[in-house]
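See below for the structure under consideration.
Bear in mind that the values in this text are calculations on the coordinates, not laboratory data. Remember, predicted model here, so these are calculated numbers, not experimental data. Ideal geometry is used to build each Cβ from the backbone, glycine not excepted, and the neighbour counts take in all protein chains shown.
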Amino acid sequence: MGEYQTILTEVHERVGLIRLNRPRAFNALNAQLMQELTDALSAFDADPAIGAIVITGNEKVFAAGADIKEMAAATAADMLTSGYIDLFDRIRTVSKPIIAAVSGWALGGGFELAMTCDMIVASETAQFGQPEINLGIIPGAGGTQRLTRTVGKYLAMEIVLNDRRLKAEEALRFGLVNRVVPVERYLDEALALAQQLAARAPLALRIAKEAVNRALETSLTEGLAYERRVFYLLFATDDQKEGMAAFLEKRQPQWQGK
Ligand code: CAA
């Protein structure tokens, strides 16, 4: 995985870490970065030695959004055919849990990238916003949809229509982040959370992620039916037998991912 130019990848035990790395452009998400990010995510997703993934920026900025220099002269047809936004959709297909470790600015596509992840650990300096309105556009990578589903219509309106920024503590209050920690600790905290996830039963973890995501897509009746089917399905796995045997024998389970 050493071939990337806009991201850095590291492996910490069973966790794959991806650092967005265009510091001079405030980690603006240009097409190359989005391509490399999704390639790295797919590689970690396919690697059985990896159980969970963390995406981070640096202490000052997670990502300042899509690359405005790259987009400024684009036509609608350019945007449609570039496949740029489609890359955000590819992140949704990753089966392992992804944690965004956010410090500093997460703006525009940067905020949308964080919201595409499964959990968000924020530093006290994190700031979230959708400033696209200042550029004469709107969020294009889920900002009007994921944000509204999380914080509700009225606050989402203010954020999207009027560039209202949220500081870390506000984001925590509105359910947008899982926890807020001092800036020196946000990455360690995210990695520790990812290690916990990576130690869990892999198939149950994957199905649990799918099931929670399904809740955002379906009616309650359909969602409950889906949950029941995948709940039954897990009784076909060795890990279910092992997990319950370990409980009854008062020992730690040894997960096989089978
Ligand atoms: N695209 C390209 N370059 C960017 C950028 C972006 N989104 N954000 C920052 N940069 C660059 C600046 O152009 C500047 O580069 P130069 O030194 O070469 O001029 C450098 O990063 C530092 O930026 P500033 O001088 O502006 O630094 P600051 O500390 O004064 O402000 C900031 C930092 C608040 C993040 C500010 O840069 C900013 O507001 N950035 C734009 C945020 C934005 O509008 N994001 C939405 C993009 S559109 C989008 O994301 C669409 C979508 O839904 C997918």
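If you go through the stretch 107-120 and keep only what is among the hydrophobic types (A, V, I, L, M, F, W, C) and more than 10 Å from the ligand (Cβ to nearest atom), you end up with ALA114, MET115, CYS117, MET119, ILE120. For the stretch 78-99, the tally of residues that are crowded, with 22+ Cβ neighbours inside 10 Å and within 12 Å of the ligand (Cβ to nearest atom) stands at 1. In the set (1) surrounded by 14 or more Cβ atoms within 10 Å (Cβ to Cβ); (2) away from the ligand (no atom under 14 Å from the Cβ); (3) free of Cβ contacts under 8 Å to residues at least 12 places away in the same chain, the condition left unmet by THR75 is number (1). Residues in the stretch 157-198 that are buried (at least 20 other Cβ atoms within 10 Å of the Cβ) and among the β-branched types (Val, Ile, Thr): 4 in all.
Scanning the stretch 157-181 for residues that are in a helix (DSSP H, G or I), out of contact with any Asp or Glu (no Cβ under 8 Å at 6 or more places or on another chain) and within 21 Å of ILE98 (Cα to Cα) yields ALA171, LEU172. Scanning the stretch 6-25 turns up at least one residue that is more than 14 Å from the ligand (Cβ to nearest atom), on the phi > 0 side of the Ramachandran plot and either in contact with a strand residue (DSSP E or B) (Cβ under 7 Å, 6 or more places away or on another chain) or assigned to a loop (DSSP other than H, G, I, E, B) (or both). Selection over the stretch 127-156 of residues that are part of a helix (DSSP H, G or I), loosely packed, with under 14 Cβ neighbours inside 10 Å and without any contact (Cβ under 8 Å) to a residue 40 or more places away in the chain gives a count of 3. Whether any residue in the stretch 222-240 is basic (Lys, Arg), under 26 Å from ALA46 (Cβ atoms) and surrounded by 12 or more Cβ atoms within 10 Å (Cβ to Cβ) is what I want to check. Taking every residue of the stretch 222-240 in turn, none turns out to be basic (Lys, Arg), under 26 Å from ALA46 (Cβ atoms) and surrounded by 12 or more Cβ atoms within 10 Å (Cβ to Cβ). Here the stretch 28-52 is the region considered, the condition is being more than 16 Å from the ligand (Cβ to nearest atom) and touching a residue at least 60 places away in the same chain (Cβ under 8 Å), and the residue that is surrounded by the fewest Cβ atoms within 10 Å (Cβ to Cβ) is PRO48. Taking the criterion of being more than 27 Å from ARG206 (Cβ to Cβ), within 13 Å of the ligand (Cβ to nearest atom) and free of Cβ contacts under 8 Å to residues at least 40 places away in the same chain, would at least one residue in the stretch 53-72 satisfy it? Scanning the stretch 53-72, I find at least one residue that is more than 27 Å from ARG206 (Cβ to Cβ), within 13 Å of the ligand (Cβ to nearest atom) and free of Cβ contacts under 8 Å to residues at least 40 places away in the same chain, so the answer is yes. When ALA208 is tested against (1) touching a Gly at 6+ places or on another chain (Cβ under 8 Å); (2) under 21 Å from VAL15 (Cα atoms); (3) of a type in the set (Gly, Ala, Ser), just one condition goes unmet, and that condition is (1). If you go through the stretch 100-121 one residue at a time, do you hit one that is within 20 Å of the chain's Cα centre (by Cα), closer than 30 Å to ILE207 by Cα, surrounded by fewer than 20 Cβ atoms within 10 Å (Cβ to Cβ) and among the small types (Gly, Ala, Ser)? No, the stretch 100-121 contains no residue that is within 20 Å of the chain's Cα centre (by Cα), closer than 30 Å to ILE207 by Cα, surrounded by fewer than 20 Cβ atoms within 10 Å (Cβ to Cβ) and among the small types (Gly, Ala, Ser). Among the residues of the stretch 157-175, just one is free of Cβ contacts under 8 Å to residues at least 12 places away in the same chain and hydrophobic (A, V, I, L, M, F, W, C), namely MET157. Give me the residue from the stretch 201-258 that is within 24 Å of LEU147 (Cα to Cα) and part of a loop (DSSP other than H, G, I, E, B) and, out of that set, farthest from the chain's Cα centre (by Cα). So the residue we want is SER219.
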